[in-house]
Structures are given as structure tokens and as C-alpha cells.
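Working notes for the structure below.
No lab work stands behind these numbers, since they all come straight from the coordinates. Because the structure is a prediction, the values reported are computed rather than measured. Cβ atoms come from the backbone with ideal geometry, glycine included; neighbour counts cover every protein chain shown.
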Amino acid sequence: MPSSSAGKVLVIEDEAAIRDLLRLHLGLASFEVKETGDGRTGLTMGRGEQFDVIILDVMLPGLDGVTVCRALRAEGESRDSAILMVTARDRESDKVLGLESGADDYVAKPFGVRELMARVQALLRRNRRMTTATTTTLRIHTRDLSIDLEKRVVRVRDQELDLTKQEFDLLSLMAARPGIVFSRAALLQQVWRDDAYVTERTVDTVISRLRRKIEADPQDPELILTAWGVGYKFADAD
Ligand code: CA
């Protein structure tokens, strides 16, 4: 691996023309690229070696992309890799499915190469920021908001807020991964641990309460944004 490598990328995609395109552009951007057209082979490769980013098609021979994604998250060297799902159509169900399987972002076919490269770079930056945040400071600072994850204290414009456990967990989960879309089901699973008495409506209620507490104008939120038809995301830091 050349010392100037921008990172290691695994491409799991059965369309040879798309693989050629990705290999060319990732190579030009100094990424080290490995590839396969088969889901099962892709899973073996991802489990055996740590990649920075995995670009994963949903419709694959051997093993479908959603199954591969879940399996990569469950064990192996690429458990914490950034996973970018490539969906066949721009259908909401595909997006949600991709994100609930543990993917970090998705792009719908047909996609532009520049868009895809920008997503890959953004995922790399986020992963680096997260590593720094969790290993050193345990604090999240963004715009007017600061979160101390250890002391569980949240300040907005230097005012300490009084948050419930769910509000705090929801906010810190999303704020740690700015720009990443969370479906309501994913938030329910991670914040409420699938409490049988809680519905997706609860997520909306807690989000509105949080917005009233942290947003300068809750009707025009700048921190917790709505991803229409999918769920919510925390605003990008830049
Ligand atoms: Ca395919």
C-alpha cells in the first residue's frame, strides 16, 4: 500500500461498468481499491480486512447487500467501517432498509461520480471526527450546542438544559454522527431498546420537545433536521 493512500475502499457491486468507473475515480483520488461482484465474496473480504469505506450494492448475486451489511456489522475487521449503500431505485423503503441494516449513508442509482466521491470523503471525515471524539474528549461541540457525554450535560448558548433521559440519548446519538439520517425505527431501537409500549410517534414527540429546548426557532430548526419520509438527522458541522 503506497504511503500516500487516502484510505482503503471495498467495492461490492455486480455491474462491471460501475465497478470500472468507481475503480478509476477512487484510484485517481489515491484510494486503495479492492472489488468483487459477489455478495458472499464481499462479506468474506470485509470480514478479513479492515476497510475505511465499503461501497455496497443492494441487489447482488450470492448474498444481497442488506444481509451483507448486517453481517459486516456483526463481526469481523470491518465492523466499524463506513458503509455506503447503493440502492437500485430512489425508494424510501430501500433507504430505510439500508440505514437500518447498519449502513451510514446511501446513494440511489443512477448516481453521478462526483456525488459519490463527495459522500465517500464525507464518511471518511465523519469517521475520523468520531474516533477523536470518543477516544479523547467525550464532548461534542457544534454551533451553539455543547454536549458533555460523561457528565450528561447539554448547554445551548451557555445555558444548561434540563433534558430527560430519552431527550439526552436521542440528541447525543444524532449529534455524534452529523449528517447521517436516522429512521424512526432505528432511533426507537437505539434509544428505547425496542420498548414494546413505544411507537414511532413517540420519536416525533421527543424530537419536537428537543427542538423547543435547543433550537433558536423550533419552527425553523437548524440543528435537528427532518429527512422527509425517512426520519431525522443532525445538521452537518460545516
Ligand atoms: Ca446490482
Cα gyration tensor category, rounded, prolate or oblate, for the stretch 1-85 with a/c compared to 1.5:
oblate
Could you compute the net charge surrounding Arg79? Neighbours are other residues with a C-beta less than 14 Å from the C-beta of Arg79; K and R count +1, D and E count -1.
-3
Could you check the spin-label model distance between Ala196 and Asp217? Points 7 Å from the Cα along Cα→Cβ, value in nm.
4.5 nm
Dividing the helical contributions, -39500 (n - 2.57) per DSSP H run of n ≥ 4, by the residues of the chain yields a 222 nm value, nearest 500 deg cm²/dmol, of -12500 deg cm²/dmol
Pairing the Cα long axis of helix 165-175 with the longest principal axis of the chain, what angle in degrees results, from 0 to 90 and rounded to the nearest 10?
40 degrees
For Glu215, which sequence-distant residues (separation of 5 or more, or a different chain) have an amide H within less than 5 Å of its own amide H, given hydrogens modelled in the peptide plane?
none
Work through the residues other than Leu26 whose Cβ is under 13 Å from its Cβ and net out their charges, Lys, Arg +1 and Asp, Glu -1.
+1
As I understand it, the value is the acute angle between the Cα axis of helix 39-48 and the longest principal axis of the Cα atoms of the chain; what does it come to in degrees, rounded to 10?
70 degrees
On a 0 to 90° scale, report how tilted helix 65-74 is relative to the longest principal axis of the chain, with both axes built from alpha carbons and the result rounded to the nearest 10.
70 degrees
So for each of 149-160, 21-32, 52-63 I average, over its residues, the number of other beta carbons within 10 Å; can you give me the resulting order with the highest mean first?
52-63, 21-32, 149-160
Qualifying aspartates and glutamates (Cα of each under 19 Å from Cα of Lys165; at least 8 residues distant if same chain):
Asp148, Glu150, Asp194, Asp195, Glu200, Asp204, Glu215
